[in-house]
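Contents: one structure, followed by commentary.
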Amino acid sequence: MRRILTPGEQLIVRTRRQPRMLVLPAVAFVAVCGAAAFAAGWLWRGRLEGLWPWVPPATRAWLPLVPVALAAWVALGYCLRRVVAWRSVSYVLTSRRVMRRQRGLRRMDREMPLSMVRDVDVRQGVLQGMLGSGTLTLASGHAAQLTLTDVPQVRRFRQFVLDAIEELPAAEWVPIDDDETITDFTDESLPWELRDE
């Protein structure tokens, strides 16, 4: 974490998305493992011979491995993939900026300096409201915005952002004029994107 902080910058909050997205993979993992164990035991006892007598005797010893292989495929292909997707995204609030960091096969960092933030919007669905999570959107006076989805304790995170904005020194504020337009930004110089080099 120290590697991405600039001199004088302090870490305020570092969090991940609300872990509710892990409930379904956890239930699927337990159900698939239980079903695979039952099916493997049922096949190991030779119960398939009564239903399908045409199965060759040489393959009967290998049949219990079929449900185990299917369970491993579901566990790796669905459950583990969802856990990795949840773990790969983190939200970081420092004394100068807000960052959305994605690590994994795809690496992508987005950030917005707190001095450019002009609006902090919180949206919550019904389930998010019950869990206290929500979507936080930070908007500048221009077209730039940063959206953080499924932020845990979103209202508290929003208050941390507002407190950090209030504590910014006056020299760091970027003046925004409603009639001002930005035409010189290129993809390489956008101030709210952090690229790995």
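Report the far tail of the P(r) of segment 96-155, meaning the percent of Cα-Cα pairs longer than 18 Å.
Counting every Cα pair in segment 96-155, those more than 18 Å apart make up 41 percent.
Please compute the length gained on full extension between Thr147 and Arg123, using 0.36 nm multiplied by the number of residues separating them and subtracting their Cα-Cα distance.
7.6 nm
Between Glu166 and Leu80, what is 0.36 nm times their sequence separation minus the Cα-Cα distance? Round to one decimal in nm.
This chain segment gains 26.9 nm when fully extended.
Each reported figure results from applying straightforward, stated rules to the coordinates on display, with no laboratory input. Computed from a prediction, not measured in an experiment: that's the story for all the values here.
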